Structures are given as structure tokens and as C-alpha cells.
Amino acid sequence: MYNSGKIIAGLAVFFILAALPFLLNLGKANAKIEPSIKTPEINAMPVKQCVESKEFMRAEHMQLLNDWRDEVVRNGNRIYTSKSNGKQYIISLQNTCMKCHSNKKEFCDKCHNYMAVKPYCWSCHIAPKEEKS
Amino acid sequence: MKVVLPFIAVVVLALLALVGVTLAHQVEFFFGVIVPYTAVAVFIFGFIYRVLQWAKSPVPFCIPTTCGQQKTLPWIKHDKLENPVTTLQVVGRMLLEVLVFRSLFRNMKTEMTDGKIVYGSEKLLWLAGLAFHWTFFFIFARHFRFFFQDVPSILSMMEGVDSFFQVGAPLFYMTDAVILGAVTFLIFRRVYLPQIRYISLASDFFPLFLIFGIALSGILMRYMFKVHIVAVKQFAMGLVSLSPIIPQGIGAIFYVHLFLICTLLIYFPFSKLMHMGGVFLSPTRNMANDSRMVRHINPWNYPVHVHTYAEYEDEFREKMKKAGLPVEKE
């Protein structure tokens, strides 16, 4: 082999970069991430039902919130009719969503932190007050 | 044929994963565990093997390609980057080559205009190539949020830059649009220009279609057919912590995306994509043009048996004298 010093140094850099995720997570346990829906408001509900189905909310909540914002801010429409149960809801992050999901830290932040997503909801809205846990 | 076949191959690969995971859930283990581990192993060790094979080939001559003034008399300005003589200058030249494709920037197009050959500047390929490679790198780096429990802030910063305009939700990434545009241009260029079409092979089209498929499936997954993203991260963390799990209900499109990426990783060491390592190993780029200062010895050289004239004369002196031939030593 020629120029073996440079070649091996280069390959070592390549190997470390390529295997970095494996090297950093060696022997680490996989965290189980589940947003908590244990709030007084939800516990008191006879049928635990969000504005749409759980699967829809899990995948599309960001889209829904975005649409809600546009409806209210641009069209002045504060009524949302659920596609799954036909019920009408008042479009409001603070008064509808967060009324039930008052546990932002255990509900919103749990997955968002895990996924390293930083939604910009709270740069305008006031986050619900929670006692520090 | 050389365009259609690679295209069909990519479509078939995508359908394979799509149909596979929708038919039976046991197949998820194959697509989610066996294939990714195989792909990563083939990629890493195949890459190292290819580089070691190259390293075994000697460089017989000092052959840097230069396009600037060589170092010479002190009052003639030396072009340090185009005609490097020291290792540091070579590093500078290589950095420009690897990061901004300096040699491609000089790319020319040749055309016949009024029966004359005309050379013109052609920057579009350079621009599209640069856009493609940099967005690919950005997107690749962004994906590392799936592999770290605590995501490094540099990745969050890159993501912030990428989604700077805050369009829609989930936030639209600029790189998504740029990479599709750039790959489309690179494919279109190979199909549209007759000279380029003539020299293009299936192995040129296949990676382009494959990368297009990967980008498209990723974009569809993010904006249209949304997957259970937390489960995707748990799946990814399971893979990298060597305790694989298959969470339920991820969504079939994720397996299409994953399988196409695995195909790319497996294909990588066998293909032209090895230019990723090869760019560092090309002698025309990585050698210093110091052939007037340092003697480059061909590593092939073996001790040649030489028979000098003096030795020849010693051997035949008497015979030469008898034949009346002049000799140097009496």
C-alpha cells in the first residue's frame, strides 16, 4: 500500500463518521415515549375523545393547528366542525386544546423534545402555567 | 433502454417494499432489521475495501493537472492554488475542489456556430451539482436527529436555517425543493443533450433515479402520507443501539424510503458514487507540482541491470584493438 499513513487516517475519519450513531448509542436503552393524557379535565370525560381521532391527531395535529390559525386570523372563523364526529368546537389553542391538555410538559413537549422539534406556537400564545415537576 | 431500465428498477424496488410490508407484518422484520444492517455493513466495509484497493495502486508519475503559473523565478507570480508546490497549497486546492467544485466551475461547452467551433462558459452544471451535493449533505445531516437521544444544537440550527421561512406545518424545508429541482436538472441534462446522452450509461441514471425516489418518498412522508414519527425515531434508535424493535403502525411509505436508502448504501461501494472517496485519491488533484524540486520515484522501479560502455570496453578491449577500433582506455 502506498501513502498508508494518509490513507489509514482518512479511512479512520470515514469509519468514525459513518459509525458515529452506533458508537454514541452503544449500550443505551431505547426510551419509551408516550404523551400523557392524564389531566383532570380528560379524566372527567365520560368518552375520551379529541376533536378528531387519535391517529389523525397524531399525524396531522400540526396541519390542523396551522389551518385553525389561518381560519381565525385570516377568515375570522372560530367554529370547527369535526370530521370524525360532526361536533362543533371553538377554534382556540389556549381555550380548546389546552383546556383538556393542560399538561404541556407531559403532552406537547414530551414528543417534541424527543424529536427535537421546536414549534413556534408559544412565541405568540401564552403557555399554560404548570407547577414545576 | 439505458434510461428506462434504471427507472423501472427504482420503481420496482419501491413497490417491493410497499407491497412487502402491506402484505405481511413479518416482512417488516426483513425490511426493518436485516436489510438496514446489511446495507450499513456493506457500505462501510465496501467503502474501506475500495479505498484500500486504490491505495494499493502505485502512482508512477507526478501528474497533477495544473492551470496556473508554476512556481519559478521570484518576480513571476506563482499561482498557489492552481499550481501547488507544498502540501498546504495542495490542501487548499483540495478544499476548493471538494467544497465548491472548482474544476467543474471551469466547465466549458462546445458548440458549432456558423460552421465554427465556439467554446462558451457553462456554469449551470456546476450550479446544479453544487446545489445537489450541498442539499444532499444538509438533508443527510438533518436526519441525524433520529439517531441521537439529545440532538446536538448544530443540527437544530441547520434545521432552523432550512425551514427559515416557516411555511406550513410541518415546516417546509427549502432543501427538499432544491434537491428535487437539482436532481431533475441532472437527469434532464443527460437525456436532453445529445453528446451527454451518448456517453451516459445505465449506471449514471440509476443513482439519479434512486436519489430522486429517496427524496420524493421522504417529502411525501413528511408532507402528505404522514407516518408515526415518534415510532420512527424509536425504530431508528433501536437500530443504532443494536437492540432493534419494530414499532407497530409506522406506515408503509417509511419502509419504501428506508429500502431505497438501503439500496443506495449497498449500491454505493460498487458504483460511481465512490467518487465521494475517490475525489481525495485522484493523483491529478492531490499531488503537488514539485517535479522540479523533488524527484518522484516510480514505485514500480526495480533494480535494472545496466552494462555501461566502460564495462563493455573492458570486456572487449583486446578484440576491439585487433579489429582496429578506437578505444578510450589503452
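When B:K71, B:K109 are screened for being away from every other protein chain (no Cβ under 12 Å), touching a strand residue (DSSP E or B) at 6+ places or on another chain (Cβ under 6 Å) and open to solvent by 70 Å² or more (accessible area, probe 1.4 Å), only B:K109 passes.
The single residue among B:V91, B:V118, B:V100 that is touching a strand residue (DSSP E or B) at 6+ places or on another chain (Cβ under 9 Å), surrounded by 10 or more Cβ atoms within 10 Å (Cβ to Cβ) and modelled with pLDDT of 85 or more turns out to be B:V118. The residues of segment A:10-55 that are of a type outside the set (D, E, K, R), part of a loop (DSSP other than H, G, I, E, B) and in contact with a helix residue (DSSP H, G or I) (Cβ under 8 Å, 6 or more places away or on another chain), listed by number, are A:A19, A:N25, A:N30, A:A31, A:I33, A:P35, A:S36, A:I37, A:T39, A:M45, A:C50, A:V51. When B:S271 is tested against (1) closer than 24 Å to B:F132 by Cα; (2) buried (at least 18 other Cβ atoms within 10 Å of the Cβ); (3) of a type outside the set (F, W, Y); (4) away from chain A (no Cβ under 14 Å), only condition (2) is not met. Inside segment B:1-44, residues that are among the hydrophobic types (A, V, I, L, M, F, W, C), within 11 Å of chain A (Cβ to nearest Cβ), surrounded by fewer than 17 Cβ atoms within 10 Å (Cβ to Cβ) and touching a residue at least 24 places away in the same chain (Cβ under 8 Å) make up a count of 0. Scanning segment B:194-204 for residues that are exposed (fewer than 13 other Cβ atoms within 10 Å of the Cβ) and either without any contact (Cβ under 8 Å) to a residue 24 or more places away in the chain or among the hydroxyl-bearing types (S, T, Y) (or both) yields a total of 4. For the condition hydrophobic (A, V, I, L, M, F, W, C), open to solvent by less than 60 Å² (accessible area, probe 1.4 Å) and without any contact (Cβ under 8 Å) to a residue 60 or more places away in the chain, B:F148 qualifies. Residues that are at the interface with chain A (Cβ under 9 Å from one of its Cβ atoms) and of a type in the set (V, I, T) within segment B:233-268 comprise B:V240, B:I245, listed in sequence order. Among the residues of segment B:146-156, not a single one is closer than 22 Å to A:R69 by Cβ and away from chain A (no Cβ under 11 Å). For segment A:17-67, how many residues are touching a Cys at 6+ places or on another chain (Cβ under 8 Å) and of a type in the set (S, T, Y)? So the count comes out to 1.
For A:S92, the stated conditions hold: it is small (G, A, S), more than 14 Å from chain B (Cβ to nearest Cβ) and within 20 Å of the chain's Cα centre (by Cα). Taking residues in segment B:113-131 that are touching a residue at least 60 places away in the same chain (Cβ under 8 Å) and aliphatic (A, V, I, L, M), and partners anywhere that are assigned to a strand (DSSP E or B) and surrounded by 12 or more Cβ atoms within 10 Å (Cβ to Cβ), not one pair has Cβ atoms closer than 7 Å while being at least 6 places apart or on different chains. For segment B:213-242, filtered to residues that are assigned to a helix (DSSP H, G or I) and of a type in the set (S, T, N, Q), the residue that is farthest from the chain's Cα centre (by Cα) is B:Q234. Here the condition is being open to solvent by 80 Å² or more (accessible area, probe 1.4 Å), closer than 26 Å to B:F148 by Cβ, in a helix (DSSP H, G or I) and free of Cβ contacts under 8 Å to residues at least 60 places away in the same chain; of A:R74, A:R69, A:R58, it holds for A:R58 alone.
When the residues of segment A:16-53 are narrowed to those that are more than 7 Å from chain B (Cβ to nearest Cβ) and polar (S, T, N, Q), which ends up surrounded by the fewest Cβ atoms within 10 Å (Cβ to Cβ)? Among those residues, the one meeting the criterion is A:N43.
The values are calculated or read from the model by the stated rules, or taken from the named source; none is laboratory data. What you see is a predicted model, and the numbers here were worked out from it, not measured in a lab. In this analysis, Cβ positions are derived from the backbone assuming ideal geometry, glycine residues included, and neighbour counts consider all displayed protein chains. Heavy atoms of the whole protein, side chains included, go into the accessibility calculation; ligands, DNA and RNA do not. Shrake-Rupley method; radii C 1.70, N 1.55, O 1.52, S 1.80 Å.
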